[in-house]
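Heads up, the thing below is written out as structure tokens.
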Amino acid sequence: MELIKKLCETFGPSGREESVRKLIQHTVKTYCDELKVDALGNLICRKKPRRKAKNTSRIMFCAHMDEIGLIITHIEKRGFLRFAPVGGVYSERCLAQRVKFESGIVGIIGVETKPETPKPPRLDNMFIDIGARNRKEAERLVKIGDMATFYQRVEKLQGRIVAKALDDRIGCYCLIEALKRVKKNKDELYFVFSAQEEVGARGARTGAYAIEPEYALAVDVTGTGDTPQSPRMAVALGEGTAIKVKDSNFITHPFIKDRLIQYARKNKIIYQLEVLEYGTTDASVIQIVREGALSGVLSIPSRYIHSTGEVCDLGDVEQTIRLLACSAENGFE
Ligand code: CO
Ligand code: ZN
């Protein structure tokens with residue numbers, strides 16, 4: 001829980017993953033043989049085979065470090081900051097929320113109140129108030145191009161957890177825990193903590209190009225169909241790890257899907273099958289780099305994705321770690 005809290009509360013919008021990367025680097029260094037940071041900022045952790053086998057392959061596990069954010073585009077005369085989204089920021093989830101810059105400056109999101117303001121308001125009807133009295137004061141605190149992220153504490157809700165950036169720090173957590181548990185892998189394993197997923201899986205692309213994996217598994221959050229009047233979706237919180245079958249940019253290789261189900265059954269890991277009709281993950285890119293990789297995704301069901309209060313179930317997290325560790329240990333041959 002302490003590590004999840006740290007991961008979620010650390011600042012790391014797309015392209016500004018340094019702090020998250022440092023935290024992960026520090027946590028995993030004793031569990032892998034080689035650590036590398038590439039030009040995009042991916043953290044690539046390699047674990048050599050720990051037992052002899054006829055066939056060894058390269059397997060890439062991937063979770064993204066970045067979270068959605070806001071970038072300052074303009075500073076107004078009275079010191080209010082205008083902003084644009086970094087990744088998929090929903091305007092209705094921004095209203096009256098707190099944000100924080102890397103420097104520690106905190107702000108609150110306000111909205112124009114003229115009658116013509118569309119309902120719900122768009123992001124360009126909003127501004128960040130950092131308490132500055134005028135442009136000069138604001139410019140001393142924040143520069144054009146500075147990024148902010150949502151700012152919220154992590155809280156436990158029964159066996160569940162609410163936090164900003166569970167997308168995808170909870171995936172990073174699963175990778176870290178799986179890496180710790182893997183003892184006798186026969187394959188060459190690469191645990192990749194990727195950069196810039198929220199702006200189009202950019203880190204996953206260079207990571208996969210360098211590693212040239214035969215198999216790949218991404219770990220990310222997915223939506224659910226279990227809240228009042230939610231979209232129809234057969235995924236619910238607390239029903240186990242979700243083995244993805246399809247999302248808007250990705251179809252899981254049937255061999256990988258079947259193997260994951262087989263591992264889950266054998267080890268009594270609770271799972272559900274996921275078809276996501278909107279959104280995608282790093283796997284959509286990893287799958288088609290170079291000559292391609294047989295790819296799949298383990299998803300952690302999550303409510304209110306891309307808000308200051310994403311919610312997931314710690315039981316689902318544990319099931320995800322178990323299936324991930326089992327896959328890493330035994331591979332996909
Ligand atoms: Co996301
Ligand atoms: Zn994500």
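The values are calculated or read from the model by the stated rules, or taken from the named source; none is laboratory data. Keep in mind that this is a model prediction, so the values were computed, not measured. All Cβ positions, glycine included, derive from the backbone under ideal geometry; neighbour counts span all protein chains shown.
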Where a residue in region 221-237 is closer than 13 Å to GLU274 by Cβ and its partner, wherever it lies, is in a loop (DSSP other than H, G, I, E, B) and basic (Lys, Arg), with Cβ under 9 Å and at least six apart: GLY225/ARG232
Residue under evaluation LEU166, criteria (1) within 16 Å of ligand 1 (Cβ to nearest atom); (2) at positive phi; (3) not β-branched (Val, Ile, Thr), criterion not met: (2)
Some residue of region 150-167 being of a type outside the set (A, V, I, L, M) and within 16 Å of VAL219 (Cβ to Cβ): yes
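Hey, among VAL86, VAL106, VAL99, which residue is in contact with a Pro (Cβ under 7 Å, 6 or more places away or on another chain) and under 15 Å from ALA148 (Cβ atoms)?
VAL86
For (1) without any contact (Cβ under 8 Å) to a residue 12 or more places away in the chain; (2) within 15 Å of the chain's Cα centre (by Cα); (3) away from ligand 2 (no atom under 14 Å from the Cβ), each residue gets a yes or a no:
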site: GLN272; (1), (2), (3): no, no, yes
site: GLU277; (1), (2), (3): no, no, yes
site: THR281; (1), (2), (3): no, yes, no
site: GLY296; (1), (2), (3): no, no, yes
site: HIS306; (1), (2), (3): no, yes, no
site: GLY309; (1), (2), (3): no, yes, yes
site: GLY315; (1), (2), (3): no, no, yes
site: THR320; (1), (2), (3): no, yes, no
site: LEU323; (1), (2), (3): no, no, yes
Filter result (more than 16 Å from ligand 2 (Cβ to nearest atom), more than 30 Å from ASN185 (Cα to Cα) and exposed (fewer than 15 other Cβ atoms within 10 Å of the Cβ)) within region 47-94: THR73, HIS74, GLU76, LYS77, ARG78, ALA84, GLU92
Conditions (1) within 16 Å of ligand 1 (Cβ to nearest atom); (2) surrounded by fewer than 19 Cβ atoms within 10 Å (Cβ to Cβ): number failed by GLN229: (1)
Test for ALA201: is it within 13 Å of ligand 1 (Cβ to nearest atom) and either out of contact with any helix residue (DSSP H, G or I) (no Cβ under 9 Å at 6 or more places or on another chain) or on the phi > 0 side of the Ramachandran plot (or both): yes
GLU9 vs. criteria within 25 Å of VAL106 (Cα to Cα) and within 16 Å of ligand 2 (Cβ to nearest atom): no
Within region 51-78, tally of residues that are within 26 Å of VAL182 (Cβ to Cβ) and in contact (Cβ under 8 Å) with a residue 24 or more places away in the chain: 15
Subset of region 147-160 (residues that are more than 13 Å from ligand 1 (Cβ to nearest atom) and surrounded by 22 or more Cβ atoms within 10 Å (Cβ to Cβ)): ALA148
So VAL311, is it closer than 15 Å to THR224 by Cβ, β-branched (Val, Ile, Thr) and not assigned by TED's automatic domain parsing to the domain that holds TYR90: yes
Search result, residues across region 10-26 that are out of contact with any Asp or Glu (no Cβ under 8 Å at 6 or more places or on another chain) and surrounded by fewer than 18 Cβ atoms within 10 Å (Cβ to Cβ): GLU18, LYS22, GLN25, HIS26
Those helices (runs of 4 or more DSSP H) lying entirely in region 123-230 with at least 1 residues within 13 Å of ligand 2 (Cβ to nearest atom), under 30 Å from LYS47 (Cβ atoms) and among the aliphatic types (A, V, I, L, M): 166-181, 202-211
